[in-house]
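Here the structure is laid out as structure tokens; the discussion comes afterwards.
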Amino acid sequence: MMMPQAAEQRSPGIRMSQFRCQSTVPMTQRCALVIGELDVAFTNTLHEVGISVIAVPSLVTGEALVIASLAYELVISSTIVILAPKDTYGQDTWPLAAQLTIWMQEAVIQPAWIVMPTNELSEQSRTRAERAGCVCINAPKTREELTTFVTSTFDQSVELDRVDPTLDARTQASIRRERAGFRDAAVVLYDTIRNQQQKSNRMCVPTSEDMWNALRLLIIPSGYLKDDSIRQQSLTVYAALGGKDRTRQLLREFSETLEGSDKRGLIALLAQGGRDNLAKTIGCHPDNVGRIWLRRIAPLFVDWLTLQ
């Protein structure tokens, strides 16, 4: 079974994406991770009922965002994944649902509902999405429909492979085998799509402020993050750059362009040396590592990304 491929070989260059990292809202009690373009009315309604929405355009950035958001070591709010039927580059999203479902079953990431609005899909496409692991719905339009949607996707336990319990045991086993075979084949298809999108080299170059928040997250110990909007901004940056491991790889390459204490400090940062060790390495007070040094490093890294 394939595992997440966060650290891919770097392509020759990095181009500006068709989207920018947008400012995110503070994390509320519930969060929706959106991959592709969701109906504006649906998105606005989610915001209105207090659901924080983080949206990315493509399957590759979506995979990175979901992996980071549903990592077991993170204490997070209730989360769902919403897949538009196609991402912004026209690729079907259901193969990603199959990959995420398998990772959830294997406990690679925490279980969460994967939802797809299917108002305009054919019955065949809807069936395919359901077999991949999606909960297919018509996008809520009324307050009553939205209440039902929120209740069903946030307040109920996730069932990753539900089969009608009234069926006999042999039929249930047959259905599960059929689904497993379908998802395995879908993952092979998704791997091809992933490779194509990575080769296309569409990547977001974040703002200096977003990059500063992302770098700060590398020195904030787990459980000490008081402002969760920082984590949101950081996850968006990591997803845009191809995942957290991919971001670290880019930072290692960037460190080769630096000299002296900046180079030593960035190497120590990637080695998770901690704030106090970083302060000794770069020769500053510990309080100034994130507030001053990283704020100076962040725009240099953004400029380097832009020029590649």
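The values are calculated or read from the model by the stated rules, or taken from the named source; none is laboratory data. Source: prediction; values computed, not measured. Using ideal geometry, Cβ is built from the backbone for each residue, glycine included, and neighbour counts are taken over all protein chains shown. Heads up: the accessible areas ignore ligands, DNA and RNA and are worked out on the full protein's heavy atoms, side chains in. Shrake-Rupley method; radii C 1.70, N 1.55, O 1.52, S 1.80 Å.
Points worth noting:
- Accessible area (Å², 1.4 Å probe, nearest 10) - Tyr72: 120
- Taking other residues whose beta carbon is less than 14 angstrom from the beta carbon of Gly181, and scoring Lys, Arg as +1 and Asp, Glu as -1, yields +3.
- When Asp276, Asp164 are compared by accessible area at a 1.4 angstrom probe, the order from most to least is Asp276, Asp164.
- Solvent exposure, largest accessible area first (probe 1.4 Å, DNA, RNA and ligands not counted), of Cys136, Cys284: Cys284, Cys136
- Placing pseudo-labels 7 Å out from each Cα toward the beta carbon at Ala41 and Arg275 gives an inter-label distance of 4.8 nm.
- Other-chain or far-sequence residues with amide H under 5 Å of Ile137's (modelled H): Met116, Thr118
- Virtual spin-label span in nm between Gln196 and Lys141, 7 Å along Cα→Cβ: 3.3
- Per residue, in Å², the accessible surface of the stretch 163-202 once ligands and nucleic acids are set aside, probe 1.4 Å: 61
- Estimated FRET transfer efficiency (Asp287, Arg248; beta-carbon r; R0 35 Å; 0.05): 0.90
- Rolling a 1.4 Å probe over the protein heavy atoms leaves Glu178 with an accessible area of roughly 100 Å².
- Distance between the modelled labels on Asp155 and Asn119, one decimal in nanometres: 2.4 nm (7 Å Cα→Cβ projection).
- Taking Ser234, Ser152 and ordering them by how much accessible surface each has at a 1.4 Å probe, largest first, produces Ser152, Ser234.
- Charge tally for Ile137 (other residues, Cβ to Cβ under 14 Å; Lys, Arg +1; Asp, Glu -1): -3.
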